[in-house]
Amino acid sequence: MSEQAQTAQEHRPITLVEAVTQALAYALKNDPEVVVFGQDIGANGGVFRATDGLQKTFGADRVLDTPLAETMIAGIAVGMATQGLKPVAEFQFMGFIYPGLDHILSHAARMRNRTRGRLSCPIVYRAPYGGGIHAPEHHSESTEALFAHIPGLRVVVPSSPARAYGLLLAAIADPDPVLFLEPKRIYRAARQPVPDNGEALPLDSAFVLREGTDLTLIAWGASVKETLAAADLLASHGIEAEVIDPATLKPLDIHSIIDSLEKTRRCVVVHEAARFGGLGAEIAAQIQEYAFDLLDAPVQRVTGYDTVMPYYQLENTYLPGVERILAGARAALDYVRDPGREGGQ
Amino acid sequence: MHKPRLQLQTSFDIAHLQFLDKQGQATQPLPDFATPDWLTYCLRQMQLARMVDDRAVKLQRTGRLGTYPSTLGQEAIGIATGNALMAEDIYCPYYRETGAFLERGVLIEEILANWGGDERGQNFQHPRKDLPICVPIATQMLHAAGVAFALKYRHQQSNQPLQVAVASSGEGATSKGDFYEAMNLAGVWKLPMVFVVNNNQWAISVSRIAQTATQTIAQKAIAAGIPALQVDGNDIVAVAWAVRDAMQRARSGEGPALIEALSYRLCDHTTADDASRYRSAQELEQAWQWEPIKRLDSYLRAQDLWSDAKQQDMERELAQVMESALNNWESRTPEPATAIFDHLYAQLPAAFYEQYDQLRDEQAGAERE
């Protein structure tokens, strides 16, 4: 490729799912220990085309179609990783990951610990996650809190093409297991140029997507889209919201969130997962522990309902949209401490 | 017109292998590898495994060890399997494998440390790449399939000799999906892999007959398109022959195989179990009649290869080995409490510093008091 053509290629805006493909291709090209496998990822390029063309370029020895068996996909990754390979396993949908839980939780997450460092599991488990694409039942799961609860795992969620590329490369390079959840609702929602330079983004660090002084909005994955839209609307009313994407949900970078609260003193956490025991609860609890005195209002949660994700006719009712985020923001902004409680009498 | 009807397929053959019968008499000429030296070595290793089990159970009874799964009665399977592996092969064991561990080079003090509640017991100083003891049922079979893939991948990249992954399990594990998924993948990807199923007749309290309607465990391999053999698991020569043969096949690129080793669990499931609740004393007494150590001992004595004097010498030597291991185990310094964080991730993430410091300070406080 000529230099000019290469530059043009680098500046061609790509989607989030194309950024995933680009990161996988970079990793396969530059590290012979990387192998990619899953159902339908070879000739078919994955049901979302995240592995499009990879088998053709890197061969069926490194980009492998597996039999249809999710427990197996999760389990063989453990065995491969203990021998020094860097497996990148794709689950077609997060809703199909549950047969593999035993291996992810009981083995991948704790291999390093239980062998006192003798063996480890540098695995990336990839899964498209979240609702909003009119998929059948069990295709719209958003159970990141399940995994974030597990000691030894990392849970990473990108929310833009550039972060998908940089964070996936970081996940593949990471010496420990990473659950990499791809927000499929925004797989093709936006394009941006993502230079294929192999540069990883830091894990365990939150990204400040928009600066503001009146309110902190926290969101990850596809919900970042509505959250940024809500921030724009708030700005048109003169309210400057800071928007933070934690990106790595476990371990959580609470300090960036606290830093933001020092400016804003009010906070809304947005996620499409069910509310009870969701990560909004963890974030609110940590804010309360570390920054109770900073708060001018209780932390608001704008989340999915504690229901089963409905079939698609009602999924947009379930998913927190701009209106619900604005209502949450309004509740945080309008909150006034009961003056009767001041002074104690 | 004649309609096809459902029928139970029973026309397949499962071969059964035995060299030494229940009385320890050869039923066919022994293979070349079964030299007098090898046979007496196996007798020693089986007795060592039994001694470790015996001490471990006693240590548990006196509160010095946690729950322990004895291998009493199936020493031939572990020793023969461990013996058939080369150092570079990768062993992926379940939890009832003290014999195989000894043969692989895992130290007795490491085995005791593990069941004594110290994770350092799984940090074998040798072999470094074998998988740790696996407690959930059958998951190790899929890990072994992944290991076998890695071994094949390396072989293709480097042209070094093909190494083999070996998964062991009890027969109860063959009820699980992981077992079928591992066999299926191993078959279709032609992985260098051997499944060794210790069919000791009891999955805790559930008998083999209540576990599966199949006549043999070996025939389960038919569904995955991989070869299988049933062996007398109390005949160490038969187990060794079968595992060696399967290893050789796998090593030469012919793919996976399954060995079903018929044996009997002479002990409780673990020290937390009481097998008298679910199986008869009569059945147990009968099973003792064909246990593996007595069988090999009888054979060797009939060949004038073993004697009371040799047995006494060996028992003295093994007692010393055991005492030395116990001393090493007991003289280990305890792990610091903060070790629970040390290997959680390659590098402790910043989000954990506060909890780490809290634990460290609590420990420092406890030491001052």
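The values are calculated or read from the model by the stated rules, or taken from the named source; none is laboratory data. For clarity, every value in this text was computed on a predicted model and none was experimentally measured. All Cβ positions, even for glycine, are placed from backbone atoms using ideal geometry, and neighbour counts span all protein chains on display. Surface areas here come from the heavy atoms of the whole protein model, side chains and all, with no ligands, DNA or RNA. Shrake-Rupley method; radii C 1.70, N 1.55, O 1.52, S 1.80 Å.
If A:Leu167 satisfies all but one of (1) open to solvent by less than 10 Å² (accessible area, probe 1.4 Å); (2) in contact with a helix residue (DSSP H, G or I) (Cβ under 7 Å, 6 or more places away or on another chain), what's the number of the condition it fails?
(2)
Considering only segment B:153-171, state which residues are over 12 Å from B:Tyr91 (Cβ atoms) and touching a Phe, Trp or Tyr at 6+ places or on another chain (Cβ under 9 Å).
Of everything in segment B:153-171, those that are over 12 Å from B:Tyr91 (Cβ atoms) and touching a Phe, Trp or Tyr at 6+ places or on another chain (Cβ under 9 Å) turn out to be B:Ser169, B:Gly170, B:Glu171.
Give, as residue ranges, the strands (runs of 3 or more DSSP E) completely inside segment A:116-209 that count at least 1 residues that are aromatic (Phe, Trp, Tyr).
Numbers: elements: A:124-129, A:154-156, A:178-183.
It comes to A:124-129, A:178-183.
Within segment A:318-345, which residues are of a type in the set (Val, Ile, Thr) and modelled with pLDDT of 95 or more?
Narrowing segment A:318-345 to residues of a type in the set (Val, Ile, Thr): A:322, A:325, A:336.
Result: A:Val322, A:Ile325.
Select from segment B:325-349 the residues that are out of contact with any helix residue (DSSP H, G or I) (no Cβ under 7 Å at 6 or more places or on another chain), assigned to a helix (DSSP H, G or I) and open to solvent by 60 Å² or more (accessible area, probe 1.4 Å) and list them in ascending order.
Correct list: B:Asn327, B:Glu330, B:Ile340, B:Asp342.
Could you list, in sequence order, the residues of segment A:227-259 that are away from chain B (no Cβ under 13 Å), closer than 25 Å to A:Pro128 by Cα and surrounded by 22 or more Cβ atoms within 10 Å (Cβ to Cβ)?
Looking only at segment A:227-259, we keep the residues that are away from chain B (no Cβ under 13 Å), and these are A:227-245, A:247, A:259.
Keeping just the survivors that are closer than 25 Å to A:Pro128 by Cα gives A:227-230, A:243-245, A:247.
Once the filter is applied, which keeps residues that are away from chain B (no Cβ under 13 Å), closer than 25 Å to A:Pro128 by Cα and surrounded by 22 or more Cβ atoms within 10 Å (Cβ to Cβ), segment A:227-259 yields A:Thr227, A:Ala230, A:Val243, A:Ile244, A:Asp245, A:Ala247.
Within segment B:72-90, which residues are open to solvent by less than 30 Å² (accessible area, probe 1.4 Å) and away from chain A (no Cβ under 12 Å)?
Of segment B:72-90, the ones open to solvent by less than 30 Å² (accessible area, probe 1.4 Å) are B:73-82, B:84-85, B:89-90.
Passing the criteria: B:Gly73, B:Gln74, B:Glu75, B:Ala76, B:Ile77, B:Gly78, B:Ile79, B:Ala80, B:Thr81, B:Gly82, B:Ala84, B:Leu85.
Residues that are in a loop (DSSP other than H, G, I, E, B), among the β-branched types (Val, Ile, Thr) and in the same structural domain as B:Ala87 (by TED's automatic domain parsing): does segment B:180-190 have at least one?
The answer is no; no qualifying residue exists.
Within segment A:290-323, which residues are assigned to a helix (DSSP H, G or I) and open to solvent by less than 60 Å² (accessible area, probe 1.4 Å)?
So the first thing to find is which residues in segment A:290-323 are assigned to a helix (DSSP H, G or I), and the list is A:290-294, A:312-318, A:322-323.
Residues satisfying the conditions are A:Ala291, A:Leu294, A:Glu315, A:Tyr318, A:Val322.
Under the condition of being more than 22 Å from the chain's Cα centre (by Cα) and outside any loop (DSSP other than H, G, I, E, B), which residue from segment B:5-40 is nearest to B:Asp304 (Cα to Cα)?
Among those that are more than 22 Å from the chain's Cα centre (by Cα) and outside any loop (DSSP other than H, G, I, E, B), it is B:Pro36.
When you look at A:Ala222, is it crowded, with 19+ Cβ neighbours inside 10 Å, in contact (Cβ under 8 Å) with a residue 60 or more places away in the chain and under 26 Å from A:His149 (Cα atoms), yes or no? Working first, answer last.
Numbers: crowded, with 19+ Cβ neighbours inside 10 Å: yes; in contact (Cβ under 8 Å) with a residue 60 or more places away in the chain: yes; under 26 Å from A:His149 (Cα atoms): yes.
Considered against the rule, which asks whether it is crowded, with 19+ Cβ neighbours inside 10 Å, in contact (Cβ under 8 Å) with a residue 60 or more places away in the chain and under 26 Å from A:His149 (Cα atoms), A:Ala222 comes out as yes.
Restricting attention to segment A:240-248, does a residue exist that is among the hydrophobic types (A, V, I, L, M, F, W, C) and on the phi > 0 side of the Ramachandran plot? Break it down into steps so the answer makes sense when it comes.
Our first condition is that a residue be among the hydrophobic types (A, V, I, L, M, F, W, C); within segment A:240-248, this holds for A:241, A:243-244, A:247.
Next, from what is left, pick out any that are on the phi > 0 side of the Ramachandran plot: A:247.
Within segment A:240-248 (the criterion being among the hydrophobic types (A, V, I, L, M, F, W, C) and on the phi > 0 side of the Ramachandran plot), the answer is yes, since at least one residue qualifies.
Looking only at helices (runs of 4 or more DSSP H) that lie completely in segment A:2-109, which have at least 2 residues being modelled with pLDDT of 95 or more and away from chain B (no Cβ under 14 Å)?
Numbers: elements: A:3-11, A:16-30, A:54-58, A:70-82.
The helices (runs of 4 or more DSSP H) meeting that bar are A:16-30, A:54-58.
Any idea how many residues of segment B:118-133 are touching a residue at least 24 places away in the same chain (Cβ under 8 Å), more than 7 Å from chain A (Cβ to nearest Cβ) and buried (at least 24 other Cβ atoms within 10 Å of the Cβ)? Steps first, please.
Initially, segment B:118-133 is screened for residues touching a residue at least 24 places away in the same chain (Cβ under 8 Å), giving B:118-120, B:127, B:129-131, B:133.
Checking the rest, the ones that are also more than 7 Å from chain A (Cβ to nearest Cβ) come to B:118, B:127, B:130, B:133.
If we keep only those that are buried (at least 24 other Cβ atoms within 10 Å of the Cβ) too, we end up with B:130.
Qualifying residue count for the region: 1.
Which members of segment A:175-209 meet the condition of being under 18 Å from A:Lys86 (Cβ atoms), surrounded by fewer than 23 Cβ atoms within 10 Å (Cβ to Cβ) and within 14 Å of another protein chain (Cβ to nearest Cβ)?
A:Pro175, A:Leu203
In this structure, does A:Ala247 turn out to be of a type outside the set (S, T, N, Q) and farther than 23 Å from A:Ala19 by Cβ?
Working: of a type outside the set (S, T, N, Q): yes; farther than 23 Å from A:Ala19 by Cβ: no.
So A:Ala247 does not fit the description; no.
Quick grid of which residues meet (1) under 20 Å from A:Thr71 (Cα atoms); (2) among the acidic types (Asp, Glu):
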{"residue": "B:Gly177", "(1), (2)": "yes, no"}
{"residue": "B:Leu191", "(1), (2)": "yes, no"}
{"residue": "B:Ser205", "(1), (2)": "no, no"}
{"residue": "B:Gln215", "(1), (2)": "no, no"}
{"residue": "B:Ala223", "(1), (2)": "yes, no"}
{"residue": "B:Asp232", "(1), (2)": "no, yes"}
{"residue": "B:Ala246", "(1), (2)": "no, no"}
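What number of residues within segment B:265-320 are surrounded by 11 or more Cβ atoms within 10 Å (Cβ to Cβ), assigned to a helix (DSSP H, G or I) and not hydroxyl-bearing (Ser, Thr, Tyr)?
Of the residues in segment B:265-320, 23 are surrounded by 11 or more Cβ atoms within 10 Å (Cβ to Cβ), assigned to a helix (DSSP H, G or I) and not hydroxyl-bearing (Ser, Thr, Tyr).
Residues that are over 15 Å from the mean Cα position of the chain (by Cα), more than 14 Å from chain A (Cβ to nearest Cβ) and either of a type in the set (Ser, Thr, Tyr) or surrounded by fewer than 18 Cβ atoms within 10 Å (Cβ to Cβ) (or both): does segment B:177-200 have at least one?
no
Have a look at B:Glu110, B:Glu97 and point out the one that is in contact (Cβ under 8 Å) with a residue 24 or more places away in the chain, of a type in the set (D, E, K, R) and more than 9 Å from chain A (Cβ to nearest Cβ).
Values: B:Glu110 fails: in contact (Cβ under 8 Å) with a residue 24 or more places away in the chain.
Just a single option satisfies the conditions, and that option is B:Glu97.
Give me the pairs, please: first residue somewhere in segment B:338-357 and at the interface with chain A (Cβ under 9 Å from one of its Cβ atoms) and closer than 14 Å to A:Leu252 by Cα, second residue anywhere and assigned to a helix (DSSP H, G or I) and of a type in the set (Val, Ile, Thr), beta-carbon distance under 8 Å, and either six or more positions apart or on two chains.
Within 8 Å, the pairs are B:Ala351/A:Ile254.
Return the only residue of A:Arg126, A:Arg112 being within 13 Å of chain B (Cβ to nearest Cβ) and under 30 Å from B:Phe341 (Cβ atoms). Can you show your working first?
Values: A:Arg126 fails: within 13 Å of chain B (Cβ to nearest Cβ).
Answer to the selection: A:Arg112.
When segment B:134-175 is examined, which residues are found to be open to solvent by 40 Å² or more (accessible area, probe 1.4 Å), in a loop (DSSP other than H, G, I, E, B) and either more than 7 Å from every other protein chain (Cβ to nearest Cβ) or in contact (Cβ under 8 Å) with a residue 24 or more places away in the chain (or both)? Write out each step before concluding.
Within segment B:134-175, the first condition is being open to solvent by 40 Å² or more (accessible area, probe 1.4 Å), and the residues that meet it are B:135-137, B:152, B:154-161, B:163, B:175.
Still in the list and also in a loop (DSSP other than H, G, I, E, B): B:135-137, B:159-161, B:163.
Scanning segment B:134-175 gives B:Val135, B:Ile137, B:Asn159, B:Gln160, B:Pro161, B:Gln163.
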